[in-house]
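S.K.: Here it is, the structure in full.
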Amino acid sequence: MRPVAIPVTVLTGFLGSGKTTLINRILKEAHGRRFAVIENEYGEINVDSDLLVKDGGETVVQLTNGCVCCTVRGDLANALNDLATRREKGEIAFDHVLIEPTGLADPGPIVRTFMAETEVLAKYFLDGVVTLFDAINGERNLAESVEAQAQLGYADRVLITKIDLLHELRPGDEERLLKSVGEANTVAAITALDVTRADWSEVFEKLLELRGYQFDRVIFAPAGASSSGADHTPGVVSVSFQADAELDGIRLNQALAAINDRYGEALWRIKGVLAIEGMRSRVIVQGVQGLIQANPSTVWRMFEPKVSRLVLIGRELDRDWILSVLQASTSAPAPTVPGH
């Protein structure tokens, strides 16, 4: 019997967003969960030195509250495989992995690991990316940092931190901020969280079971989020495409190839559910940095409207050009792809 895959959450956020505060709470407080927390060598997790157990290029710590902390100085895939092996041998115990990149890191390569590394996929699945967004400095970070833009672009859930401070310094600004962030990433749920005061049920509700990268269904942001109109979040653009007719599979592949060719690694995320001509099942599409995977999902019910929806998130995307390219994949006479 094949072992049940271990869920993984990538917890990211720019410097000062409260990510390390949240991770330290998880590692030190009694909450009844068994996490393995993976940080890179520049992480700021503060674990008592007498708890550290050195092993080669990594530090693995079994903590008193049941969690495991692992500092990675080399390849992430190797570290994940090593943790899984130790778990199978009974040396350490955990039920969920949290990965904490440095606040200056683009989460793209981490996400790609869970789509491209066969050995990792045999043991783990990526449940989602959670981005902590600083209510006070987040918009300035976006204007100045490509990495901050990518952290927002990859998110399945965005947790707005320091919201209490926002109320003090800029009363009445919360609604505008939530709307702005929601327009930048239309696949993410946007909520506020005080990482220092929230109880564990609230924290885990927002961190776990996001199903952001699963191929049995696709979860979009709540209705009402829109990518139309002006972009108020610097650098981050979300484009939503919807078609009420079946798509031509060949033309769709050509359209996605053209978009990938133009934007490359600046295209952070593709996510959608599609109705393809000649297929009885929905097709779930997930894409990261040019790597796109499509898998059949549930069968369309009789008389059910076959509606396709695709969301693309990236840096400075040309919305009109992308929509025109995707429109070419509908069951209409084959148009030419607009020039780059």
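S.K.: Tell me whether segment 302-316 contains one or more residues that are among the basic types (Lys, Arg) and either within 30 Å of Ala105 (Cα to Cα) or free of Cβ contacts under 8 Å to residues at least 40 places away in the same chain (or both).
M.R.: Yes, some residue in segment 302-316 is among the basic types (Lys, Arg) and either within 30 Å of Ala105 (Cα to Cα) or free of Cβ contacts under 8 Å to residues at least 40 places away in the same chain (or both).
S.K.: Name the single residue that is modelled with the lowest pLDDT among those in segment 17-42 being assigned to a loop (DSSP other than H, G, I, E, B) and out of contact with any Asp or Glu (no Cβ under 6 Å at 6 or more places or on another chain). Give the steps one after another, and end with the answer.
M.R.: Initial filter on segment 17-42 (assigned to a loop (DSSP other than H, G, I, E, B)): 17-18, 29-34, 41-42.
Next, from what is left, pick out any that are out of contact with any Asp or Glu (no Cβ under 6 Å at 6 or more places or on another chain): 18, 29-33, 41-42.
Details: Gly18: 86, Glu29: 77, Ala30: 80, His31: 82, Gly32: 82, Arg33: 83, Glu41: 50, Tyr42: 46.
Per the criteria, the residue is Tyr42.
S.K.: Only one of these conditions is not met by Glu147: (1) closer than 24 Å to Gly32 by Cβ; (2) part of a helix (DSSP H, G or I). Which number is it?
M.R.: Looking at each condition in turn, Glu147 falls short on (1).
S.K.: Follow-up question, since we're still on this one. Looking at Leu152, Leu193, which is the one that is under 14 Å from Gly18 (Cβ atoms), touching a residue at least 24 places away in the same chain (Cβ under 8 Å), surrounded by 22 or more Cβ atoms within 10 Å (Cβ to Cβ) and under 19 Å from the mean Cα position of the chain (by Cα)?
M.R.: None of the other options fit; the residue is Leu193.
S.K.: If you don't mind, there's one more thing I want to ask. Have a look at Asp75, Asp106, Asp95 and point out the one that is surrounded by 14 or more Cβ atoms within 10 Å (Cβ to Cβ) and out of contact with any Phe, Trp or Tyr (no Cβ under 6 Å at 6 or more places or on another chain). Quick ask: steps written out before the conclusion?
M.R.: Working: Asp75 fails: surrounded by 14 or more Cβ atoms within 10 Å (Cβ to Cβ); Asp95 fails: surrounded by 14 or more Cβ atoms within 10 Å (Cβ to Cβ).
Step by step, each of Asp75, Asp106, Asp95 is checked, and only Asp106 is surrounded by 14 or more Cβ atoms within 10 Å (Cβ to Cβ) and out of contact with any Phe, Trp or Tyr (no Cβ under 6 Å at 6 or more places or on another chain).
S.K.: Kindly check whether there is at least one residue in segment 167-176 that is crowded, with 21+ Cβ neighbours inside 10 Å, not small (Gly, Ala, Ser) and not in a loop (DSSP other than H, G, I, E, B). Please lay out each step first, then the result.
M.R.: Of all residues in segment 167-176, those crowded, with 21+ Cβ neighbours inside 10 Å come to none.
Checking segment 167-176: not a single residue is crowded, with 21+ Cβ neighbours inside 10 Å, not small (Gly, Ala, Ser) and not in a loop (DSSP other than H, G, I, E, B).
The values are calculated or read from the model by the stated rules, or taken from the named source; none is laboratory data. All values reported here derive from a predicted model rather than from experimental measurement. Using ideal geometry, Cβ is built from the backbone for each residue, glycine included, and neighbour counts are taken over all protein chains shown.
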